[in-house]
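Only one structure is covered here, and it is reproduced in the block below.
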Amino acid sequence: LASASLGFNWQRAVVNAGQLGLHSQASALHTRVGAQRDESLAGLPQALRAERDRGATRLWRGSATWTDDRLEGHQLKLGLVGNTLVTTDEAWRDLDGQLEALAPGRGAQRLREQSGAVYLQDDWMAGTAWAFNLGLRHEFARSRVRVDDASATKRIAIWAPSMSARKKLGADGQDVLRLSLARTYRAPDVEQFTLRPHINPQFPCSANGR
């Protein structure tokens, strides 16, 4: 197991133009697992001698924001975010006998996912009792997964507006009434668009006399 991470943050106030901020982070993770054993497979003369699994994950995140509170009662924020994720997972199985050539590389998987969003947000203080938040966000993503000789790609693009209101009740303002409305979604998991039938050649089907 080996991992590494590197981050970067930068903020600066721009005269008569608000505040600009940049953030970036990159990380990597590598794993390797091995096992030695002697196991006979049901109905087959071959024996499984060794298994080795190796995986790697690389992730990059970045964002840029611009904030402007020069307009009285308002704080405007414009942002851009992006992510890139790459994972690989490979397995080797050494067998004694004729199945030895079928096993190496079986189940090798590679996933590359790129996503990002652009958003605009306004925090508006309308006096001492009322506060509003208005936002508009556009999200997009592209994923490609490859398992052995099969591959699948998904693309997502969606507009996600949001609105919320808050009112302080009573003279002390300790009671607050909130109302919010937003459009949300849940992207499908990788397994949901890569599922496919698979027959393990080490355990042949005995149906219909086969």
(Q) Taking R0 as 41 Å, what FRET efficiency do you get between residue 134 and residue 30 from their Cβ-Cβ distance, rounded to the nearest 0.05? (A) 0.40
**Q.** Net charge contributed by nearby residues that have their C-beta within less than 15 Å of residue 73 (K/R +1, D/E -1)
**A.** -2
Q. Which length gain, in nm to one decimal place, applies between residue 157 and residue 186 when the Cα-Cα distance is subtracted from 0.36 nm times their residue separation?
A. 9.2 nm
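Values in this text are rule-based calculations from the coordinates and carry no lab data. Bear in mind the structure is a predicted one, so any value in this text is a computation, not a measurement. Glycine gets a Cβ as well: all are built from the backbone with ideal geometry, and neighbour counts include every protein chain shown.
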